[in-house]
Amino acid sequence: MTSGTFLGIPRRHRHEESPLRGETSFPKAAKTALANDQLRRNLKHATGTIRAKRALVVNEMPDWEQLRDAGAAVKTDVMARMPELLEQFEAKVIERGGVVHWAADAAEANAIVTELVRAQGVSEVIKVKSMATQEIGLNEYLEEQGIAAVETDLAELIVQLGHDKPSHILVPAIHRNRTEVRDIFLSEMTGVVEGLTDEPKQLAMAARSYLRAKFLSAKVAISGTNFGIAETGTVGVVESEGNGRMCVTLPETLITVMGIEKLLPRFEDLEVFLQLLPRSSTGERMNPYTSLWTGVTPGDGPQNFHIVLLDNGRTNALADQVGRAALHCIRCSACLNVCPVYERTGGHAYGSVYPGPIGAVLTPQLTGITGHDDPSASLPYASSLCGACYDVCPVKIPIPDLLVELRARAVDADRSRTIPGGWDAAMRAAAWVMSDAKRFAAVEKTLAVGRLVAGPDKLISTLPPPGSAWTRTRDMPAPPKQTFRQWWKESHPEGSIARSADPADTEQKDGHR
Ligand code: SF4
C-alpha cells in the first residue's frame with residue numbers, strides 16, 4: 001500500500017495550526033472530557049436517541065444493503081474519475097452562469113471568499129452550516145478581516161454564540177443541554193425576551209426572531225454543499241430547519257465552498273443518496289428541506305453564484321488507499337452516534353472539526369503527520385475497533401480496517417529504531433513468555449498475587465509501571481483463584497479429551513463447525 005501520509009515518523013516540524021488539528025493528543029484531551037459528568041450525560045442521551053431513531057427507519061427498508069452497495073459503488077467511481085468529473089462540473093456551472101474558483105488550501109479558499117464578500121461592499125454575511133468552511137476556519141478569518149459571519153443553523157448558532165467549538169458533524173451543540181442553551185441565548189443574543197425558559201419551542205422562537213432580521217437584510221450568503229452533480233453543475237444542501245433554504249434563496253450573492261470529493265456523476269445518483277443520508281444522519285425517512293440550485297436563474301434566487309472548489313489535502317488523500325476510502329464519506333455522522341469512544345468523550349477530544357471514527361481516519365489523512373508528538377498521530381488509536389461504525393456506514397467505509405492499517409503504518413515507521421521504547425520491551429518480554437509453555441505456566445502462577453491488591457469489589461485500580469498505563473484509565477479485574485490450566489487438570493484427571501482415531505470421523509466433525 002503506497003502512502004502519501006506518514007504516521008509515526010519522528011520529525012521536528014512545528015505543527016501548522018488548523019481547525020483540523022488539535023492542540024493535545026487524544027488520550028490527554030479525552031481524560032479532561034471524561035471528567036465532565038454533565039458532558040457525558042448530554043452525549044449519552046443525544047447519541048442514544050439518534051441511534052434508536054436511525055435503527056427504526058433503516059430496519060423498515062428491505063433494500064438497505066443494496067442501497068449501501070449502490071452508494072459505495074458511486075463513490076468508488078467518483079474517486080476513480082475525479083479529474084474528469086471536476087472538469088465536467090466546472091464547465092456546467094459556468095454554462096449556467098456561475099463562477100468557479102479553485103482553492104488548493106485553506107488560505108487560498110479564505111482569501112477568495114473574503115474578496116468576493118468585499119466586492120459586494122458588506123460587513124456581515126449569513127451562513128448555512130458547512131463542514132468545509134469550518135475546516136478552513138472561514139468564520140475566524142472573516143472576523144479578522146472585519147466581516148461578521150452569522151451562522152443560521154440553530155445548533156451552529158448555539159456554538160457560535162457560546163464562543164464554543166462544534167462537537168459533532170451534524171449536531172454541533174450535542175454537548176449542550178437545554179438549560180445551557182437558554183443561558184447562552186440570554187447572555188449573547190440581542191432582543192431576547194426576559195423570562196425565556198428552556199422549553200424547546202421558546203428557544204426555537206427566540207432563534208427564529210433573531211435570525212429573521214438577518215435573513216431579510218443579508219446581501220451575501222455562504223454555504224457548503226452535500227453534493228455537487230457533475231452532469232448538470234447542480235449543488236445541493238439537505239437540512240431540517242429551512243434556514244439553509246432562506247440562505248440560498250434570499251441574498252443577491254451566494255458563495256458555496258465545496259470539498260472536491262462531494263461530487264456525484266449523475267443527477268439520478270441523488271436517488272440513492274437522498275435515501276441513505278437522512279435515514280443515517282437524523283433518523284428521518286426524508287430530510288425536511290432539500291435545496292438544489294444550478295448556476296443563476298434570472299429573476300429567481302441569488303443573481304451572483306460563486307463556487308469555491310476546495311482541495312486542502314484531498315488530492316494527497318486520494319493518492320493513498322486509506323485516504324481514498326475515507327473520502328467516500330458523506331458526513332452523515334452515523335458512525336459517531338454508535339461509537340462507544342465518541343459517546344464518552346464527545347467531539348472536542350479529537351481536536352478536529354471531523355471527530356469520531358471517520359475523523360480518526362480522515363483527519364490524519366488531510367493534515368499529514370509531522371511526528372509522534374503530532375496530536376493527529378494519536379487519532380487512529382481512539383477506537384475500540386468494535387466495528388459498529390462499519391455496520392452503520394451508508395457507503396460501507398471499512399473504518400476499523402482503515403484504523404488498523406494506520407496503526408500498522410505507525411508501528412512500521414518505528415521498526416528502524418535502534419533503542420527500543422517501553423512498548424517494544426513489553427512486547428518482546430510477552431513474546432518470550434508466550435513462546436514457551438513452561439515459562440507461561442510459571443508466570444501464570446504469579447498472577448494470583450494480584451488478588452492481594454484488589455479491592456473488595458474485586459477490581460485492581462492501581463498498578464505500578466508499566467501496568468499503571470492501563471490502570472490510570474481503567475480498572476482491572478482481579479485474577480481468579482484458579483487458572484484455566486489448574487481447573488482443567490482438576491476437572492479432567494484422565495487428561496485431554498480423547499479424539500477419535502478415525503480420520504473420517506474427525507473430518508465429519510470439522511465439517512459441522
Ligand atoms: S464514515 Fe460513513 S457513517 Fe461515518 S459520517 Fe461518513 S458516511 Fe457517515
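The values are calculated or read from the model by the stated rules, or taken from the named source; none is laboratory data. In this text the structure is predicted, and so the values were computed from the model without any measurement. Note that we place each Cβ from the backbone using ideal geometry, even for glycine, and neighbour counts take in every protein chain shown. Heavy atoms of the whole protein, side chains included, go into the accessibility calculation; ligands, DNA and RNA do not. Shrake-Rupley method; radii C 1.70, N 1.55, O 1.52, S 1.80 Å.
Could you check how many residues of region 349-369 are touching a His at 6+ places or on another chain (Cβ under 9 Å) and within 9 Å of the ligand (Cβ to nearest atom)?
The number of residues fulfilling the criteria is 1.
Check off (1) open to solvent by 60 Å² or more (accessible area, probe 1.4 Å); (2) over 23 Å from the mean Cα position of the chain (by Cα) for Val100 and give me the number that stays unchecked.
(1)
Can you name every residue in region 487-513 that is at pLDDT 85 or above and surrounded by 11 or more Cβ atoms within 10 Å (Cβ to Cβ)?
Once the filter is applied, which keeps residues that are at pLDDT 85 or above and surrounded by 11 or more Cβ atoms within 10 Å (Cβ to Cβ), region 487-513 yields Trp487, Trp488, Lys489.
Of the residues His372, His306, only one is in contact (Cβ under 8 Å) with a residue 40 or more places away in the chain, away from the ligand (no atom under 16 Å from the Cβ) and in the same structural domain as Gly228 (by the TED database); which?
His306
Which condition number does Tyr342 fail, the rest of (1) over 19 Å from Pro400 (Cβ atoms); (2) under 18 Å from the mean Cα position of the chain (by Cα) being met?
Unmet for Tyr342, out of (1) over 19 Å from Pro400 (Cβ atoms); (2) under 18 Å from the mean Cα position of the chain (by Cα): (1).
Confirm whether Asp401 is assigned to a helix (DSSP H, G or I), within 15 Å of the ligand (Cβ to nearest atom), without any contact (Cβ under 8 Å) to a residue 60 or more places away in the chain and out of contact with any Phe, Trp or Tyr (no Cβ under 6 Å at 6 or more places or on another chain).
So Asp401 passes the test.
Conditions tested, residue by residue: (1) within 14 Å of the ligand (Cβ to nearest atom); (2) within 19 Å of Asn337 (Cβ to Cβ); (3) in contact (Cβ under 8 Å) with a residue 12 or more places away in the chain; (4) of a type in the set (Ser, Thr, Tyr).
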site: Pro394; (1), (2), (3), (4): yes, yes, yes, no
site: Val411; (1), (2), (3), (4): no, no, yes, no
site: Ser416; (1), (2), (3), (4): no, no, no, yes
site: Gly422; (1), (2), (3), (4): no, no, yes, no
site: Trp432; (1), (2), (3), (4): no, no, no, no
site: Lys445; (1), (2), (3), (4): no, no, yes, no
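Scan region 282-298 residue by residue and report those that are open to solvent by less than 30 Å² (accessible area, probe 1.4 Å) and within 16 Å of the ligand (Cβ to nearest atom).
Residues satisfying the conditions are Gly283, Asn287.
Which condition breaks for Ala413 when tested against (1) at pLDDT 85 or above; (2) open to solvent by less than 50 Å² (accessible area, probe 1.4 Å)?
The one condition Ala413 does not meet is (1).
Is it the case that Leu336 is within 13 Å of the ligand (Cβ to nearest atom) and either under 22 Å from Glu261 (Cβ atoms) or of a type in the set (D, E, K, R) (or both)?
Yes; evaluated as a whole, the condition is true for this residue.
Which ranges mark the helices (runs of 4 or more DSSP H) fully within region 186-294 that have 3 or more residues being over 30 Å from Lys75 (Cα atoms) and in contact with a helix residue (DSSP H, G or I) (Cβ under 8 Å, 6 or more places away or on another chain)?
Hits in region 186-294: 200-217.
Quick one: which of Cys335, Cys329 is touching a residue at least 40 places away in the same chain (Cβ under 8 Å), in a helix (DSSP H, G or I) and open to solvent by 10 Å² or more (accessible area, probe 1.4 Å)?
Just a single option satisfies the conditions, and that option is Cys335.
Determine which member of the set Gly346, Gly323, Gly301, Gly313 is among the small types (Gly, Ala, Ser), more than 9 Å from the ligand (Cβ to nearest atom) and surrounded by fewer than 20 Cβ atoms within 10 Å (Cβ to Cβ).
Exactly one residue qualifies, and that residue is Gly301.
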